[in-house]
1. LEU246 accessible area, nearest 10 Å², 1.4 Å probe?
2. Take the Cα radius of gyration of the range 160-260 and divide it by 2.2 N^0.38 Å, with N its residue count; two decimals is plenty.
3. On a 0 to 90 degree scale, rounded to 10, what angle separates helix 117-132 from the longest Cα axis of the chain?
4. Calculate how steeply helix 153-173 sits against the longest principal axis of the alpha-carbon atoms of the chain, using the helix alpha-carbon long axis, and give the answer as 0 to 90 degrees to the nearest 10.
5. Calculate, in whole percent, how much of the Cα-Cα pair population of the range 158-201 lies beyond 11 Å.
6. Count neighbours as other Cβ atoms within 10 Å of each site's Cβ, and list the chymotrypsin sites (Phe, Trp or Tyr not before Pro) in the range 151-215 that are DSSP loop with at most 10 such neighbours.
7. Measure nothing fancy, just the Cα-based angle from helix 67-81's long axis to the longest principal axis of the chain, in degrees from 0 to 90, nearest 10.
8. Apply 1/(1 + (r/R0)^6) to the Cβ-Cβ distance of LYS72 and GLN51, taking R0 = 25 Å, and write down the FRET efficiency to the nearest 0.05.
Amino acid sequence: MSNFKGRVAIVTGAASGIGKQIAFRLAAEGAIPVIADLNLDAAGATAKEIQAKGSDAFAVAMNVVDEAQVEKGVADTVAKYGKIDILVSNAGIQIVKPIVDFPFADWKKLLAIHLDGAFLTTKACLKHMYAAKYGRVVYMGSVHSKEASKLKAPYVTAKHGLIGLAKVLAKEGAEYNVAANVVCPGFVRTPLVDKQIPEQAKELNISEADVIKHVMLKDTIDGQFTTTDEVADAVLYFAGASSTALSGQSMVVSHGWFMQ
Ligand code: NAD
């Protein structure tokens, strides 16, 4: 994938889990990952790990719901590297509860991180992408961009919403050579999922082993979790696309849990 040499790629939520692996894979392909996360120490630690492997990487503190922080992280990146070629909008959280008990504050918090975060980071990066007539935006969706599960009302709502945002950006961005796509993973064993296993066991009154086997992996073709590397493969496929022929699309990486 030679399309990555010298590309500057902001990855939100890149201090952990899926985003971290995406940053490593981009660096391995010759791109410069910008590790954007809530905590500068954690983002900086990831950047150092990448630098230790001989690649460039940059860390910025960015709460994706804070417009000023998003603008600053993007401005600092452009001040250092002169451009932004790729945005991977990946930061996210999960909160599980039935709708009837879902605190309104938690609904708003989750929607804000997933949707406001995607909007604000996109908006901040777009002016630079439009000026350069190049941009590849990848949103981290989920099988829950296509499917529903109990206890996940705001998450399913937000992940469906990202597909709408990608389609609009595909239309608006095309004349500036900006493509937008969504990657939709199944369950990946990251801190986000590890936290859910005991929570779902409690809500559904079943064992943690049964949550994994009979809830999370029930409909996969092989009973396997999706890996961070398998998700990164799909992200790099979209992020390295040579034209806007591939835009406004979504790709599910879920060991067959969801089939289009
Ligand atoms: P994770 O908890 O390992 O990592 C999430 C990262 O996002 C953390 O570093 C966290 O600090 C950061 N973050 C949280 N809120 C933020 C904010 N407001 N601003 C900036 N950074 C913030 O989770 P993960 O599993 O790697 O999830 C990454 C993305 O993948 C999320 O969008 C999630 O919805 C999506 N996803 C995960 C799975 C899964 O099974 N793990 C499946 C499908 C989709």
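1. Near enough 50 Å² of accessible area.
2. Working: Rg = 16.5 Å, N = 101, 2.2 N^0.38 = 12.7 Å.
Cα-based Rg divided by the globular estimate yields 1.30.
3. On a 0 to 90 degree scale, this one is about 20.
4. Long axis of 153-173 versus the principal axis of the chain: about 30 degrees.
5. Tail fraction, whole percent: 71.
6. Numbers: sites: TYR155, TYR176, PHE187; in loops: PHE187.
Taking the range 151-215 and a limit of 10 other Cβ atoms within 10 Å, no loop chymotrypsin sites (Phe, Trp or Tyr not before Pro) are found.
7. Orientation of helix 67-81: about 40 degrees from the principal axis.
8. Values: r = 22 Å, r/R0 = 0.87.
With R0 = 25 Å, the Cβ-Cβ based efficiency is 0.70.
The values are calculated or read from the model by the stated rules, or taken from the named source; none is laboratory data. Just so we're clear, the structure is a prediction, and the values are computed from it rather than from any experiment. Using ideal geometry, Cβ is built from the backbone for each residue, glycine included, and neighbour counts are taken over all protein chains shown. Heads up: the accessible areas ignore ligands, DNA and RNA and are worked out on the full protein's heavy atoms, side chains in. Shrake-Rupley method; radii C 1.70, N 1.55, O 1.52, S 1.80 Å.
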